[in-house]
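S.K.: Can you keep this structure in mind? I'll have questions shortly.
The values are calculated or read from the model by the stated rules, or taken from the named source; none is laboratory data. These numbers come from a predicted model, not from an experiment. Because the Cβ atoms are built from the backbone with ideal geometry, glycine has one as well, and the counts that use them run over all protein chains shown.
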Amino acid sequence: MRIHGSAALVTGANRGLGTVFVEELVARECKVYACARNIRDLDRIIAKYGGKVSPIELDVTNQSEVVAATAQADDVSLLINNAGRLDQLSLGEAGDLSSLRAEMEVNVFGLAQMCLSFAPIIGKNGGGAIVNMLSVASLVAPPHFGSYAASKAAAMSLTHSMRWDFESSGIDVIGIYAGLVDTEMTANLDMPKSSPQEVVRRAFDGLEAGELDIAVDERSEMLRAQLQNGIEDLLAASRKGATALRKNSPLGS
C-alpha cells in the first residue's frame, strides 16, 4: 500500500506511539483521524497540526463509539490499531482475572471490533490496510506481562485469520512486532528500548514493501528468527531474557 496522501485513522493517538504515528502520517500528507478516549487529550496534537488532523473521541471497547467513528471517518483506507493496555502483572501476581479481562477487552475485543467495523469502509474505498500493533509478547510471555502476553497472542492469531476474511476486499492485515518502546507505558522499566520514531518508520517501510508480519526492532527480529529455528531455541532464549527482566523490573522477583 502507498501511504502518502491516504486517509488514516489512529487509535490511542493522544500519547506515545500513537502520537508518532499521527506525526508521520501528517508528514506524508495524509488526512488523519486521531482518536482518544478523552477528546481533550488530543488538544496538543490539534494545536500543532490544525486542520490536518481531525479528533475523534473513541473508546475502542465502546461499540456505539466505534460505530460513530465509522460515520465520521468514512473515507479511511488505512486503520492503525494502536490503542492498548498493559498492567505489567502476571496472572499469579494479579491474583484474580481483573487485569486479564481488562487487557483482553482493549487488546483483543476492541481491536476486533475496530477491524470488523472499518473493513467494509476500507473495502468500499478501494482497499487498503489494517495495521495491528502486536508485540514480542505475542510470541513469548515474559514475567510480569503474563495477561498482556495472552492478549497480544490472541491479537496475533486474529490478525492472521483476518487476512483471509478481508483479502477479497483488497485489505492487507498487518502485524507489527516490537519489543519495549520508549513511551509512557514502559517508563518504569529500566531496560533497552526502541524509539517510537524508529518503530513507526520501520512499520511504514514494511507496509509499503508489502510485508504482512513486520519486526520493527532488534528484539523482535531476534525472536522471530529464533521461532523459525524451532520452539526450543526460542524458549531457551526467552528464559535468559526473562531472568534479566525479572532483575530489572520494579515489581521484583
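S.K.: For LYS48, state whether it is surrounded by fewer than 20 Cβ atoms within 10 Å (Cβ to Cβ) and touching a helix residue (DSSP H, G or I) at 6+ places or on another chain (Cβ under 6 Å). If you could, list the steps in order and put the result at the bottom.
M.R.: On the way: surrounded by fewer than 20 Cβ atoms within 10 Å (Cβ to Cβ): yes; touching a helix residue (DSSP H, G or I) at 6+ places or on another chain (Cβ under 6 Å): no.
When the stated conditions are applied, LYS48 does not pass them.
S.K.: Something else about it: How about the range 1-57: which of its residues are in a loop (DSSP other than H, G, I, E, B) and either hydrophobic (A, V, I, L, M, F, W, C) or closer than 15 Å to ALA203 by Cα (or both)? Spell out how you get there, then give the answer.
M.R.: Filtering the range 1-57 for residues in a loop (DSSP other than H, G, I, E, B) gives 1-6, 11-15, 28-30, 37-38.
Within the range 1-57, MET1, ARG2, ILE3, HIS4, ALA13, ARG28, CYS30 qualify.
S.K.: Across the range 123-144, which residue is modelled with the highest pLDDT among those that are hydrophobic (A, V, I, L, M, F, W, C) and either assigned to a loop (DSSP other than H, G, I, E, B) or over 20 Å from LEU212 (Cβ atoms) (or both)?
M.R.: Going through the range 123-144, the residues hydrophobic (A, V, I, L, M, F, W, C) turn out to be 129-131, 133-134, 136-137, 139-141.
Retained after the next criterion (residues that are either assigned to a loop (DSSP other than H, G, I, E, B) or over 20 Å from LEU212 (Cβ atoms) (or both)): 134, 139-141.
Values: LEU134: 94, LEU139: 86, VAL140: 81, ALA141: 80.
Here the answer is LEU134.
S.K.: Give just the number: which of (1) farther than 22 Å from ASP41 by Cβ; (2) surrounded by fewer than 21 Cβ atoms within 10 Å (Cβ to Cβ); (3) of a type outside the set (Lys, Arg); (4) in contact with a Cys (Cβ under 8 Å, 6 or more places away or on another chain) does ILE130 not satisfy?
M.R.: (2) is the only condition that ILE130 fails.
S.K.: Before we move on, is ALA150 surrounded by 19 or more Cβ atoms within 10 Å (Cβ to Cβ), without any contact (Cβ under 8 Å) to a residue 24 or more places away in the chain and either charged (D, E, K, R) or out of contact with any Ser or Thr (no Cβ under 8 Å at 6 or more places or on another chain) (or both)? Steps first, please.
M.R.: Numbers: surrounded by 19 or more Cβ atoms within 10 Å (Cβ to Cβ): yes; without any contact (Cβ under 8 Å) to a residue 24 or more places away in the chain: no; either charged (D, E, K, R) or out of contact with any Ser or Thr (no Cβ under 8 Å at 6 or more places or on another chain) (or both): yes.
Answer is no for this residue.
S.K.: Using beta carbons and a limit of 9 Å, which pairs, at least six apart or on different chains, have the first residue in the range 55-77 and touching a residue at least 60 places away in the same chain (Cβ under 8 Å) and closer than 16 Å to VAL106 by Cβ and the second one of a type in the set (Gly, Ala, Ser) and surrounded by 16 or more Cβ atoms within 10 Å (Cβ to Cβ)?
M.R.: Matching pairs, first to second residue: ALA69/SER117.
S.K.: What about TYR49, is it more than 18 Å from the chain's Cα centre (by Cα) and hydroxyl-bearing (Ser, Thr, Tyr)? Walk me through how you get there before you give the answer.
M.R.: Details: more than 18 Å from the chain's Cα centre (by Cα): yes; hydroxyl-bearing (Ser, Thr, Tyr): yes.
For TYR49, the condition - more than 18 Å from the chain's Cα centre (by Cα) and hydroxyl-bearing (Ser, Thr, Tyr) - is met.
S.K.: Also, quick follow-up: Does the range 26-40 hold any residues that are crowded, with 16+ Cβ neighbours inside 10 Å and over 21 Å from ASP75 (Cα atoms), and which are they?
M.R.: Answer for the range 26-40, where residues must be crowded, with 16+ Cβ neighbours inside 10 Å and over 21 Å from ASP75 (Cα atoms): just ARG37.
S.K.: Filter the range 106-127 for residues that are under 18 Å from the mean Cα position of the chain (by Cα) and over 19 Å from ALA13 (Cβ atoms) and give the result. Talk me through it step by step, then tell me what you get.
M.R.: Narrowing the range 106-127 to residues under 18 Å from the mean Cα position of the chain (by Cα): 106-119.
Residues satisfying the conditions are VAL108, PHE109, ALA112, LEU116, ALA119.
S.K.: Just to confirm my filter: which helices (runs of 4 or more DSSP H) fall fully inside the range 58-122 and include at least 1 residues that are modelled with pLDDT of 95 or more? Step through it out loud before you land on a result.
M.R.: Working: elements: 63-72, 91-94, 98-104.
Because the criterion is at least 1 residues that are modelled with pLDDT of 95 or more, the helices (runs of 4 or more DSSP H) in the range 58-122 that meet it are 63-72, 98-104.
S.K.: Still on this structure, please answer the following. Considering each of ASN81, ASN62 in turn, give the residue that is buried (at least 20 other Cβ atoms within 10 Å of the Cβ) and either within 27 Å of ALA149 (Cβ to Cβ) or among the acidic types (Asp, Glu) (or both). Give the derivation first.
M.R.: Numbers: ASN62 fails: buried (at least 20 other Cβ atoms within 10 Å of the Cβ).
Residue meeting the stated conditions: ASN81.
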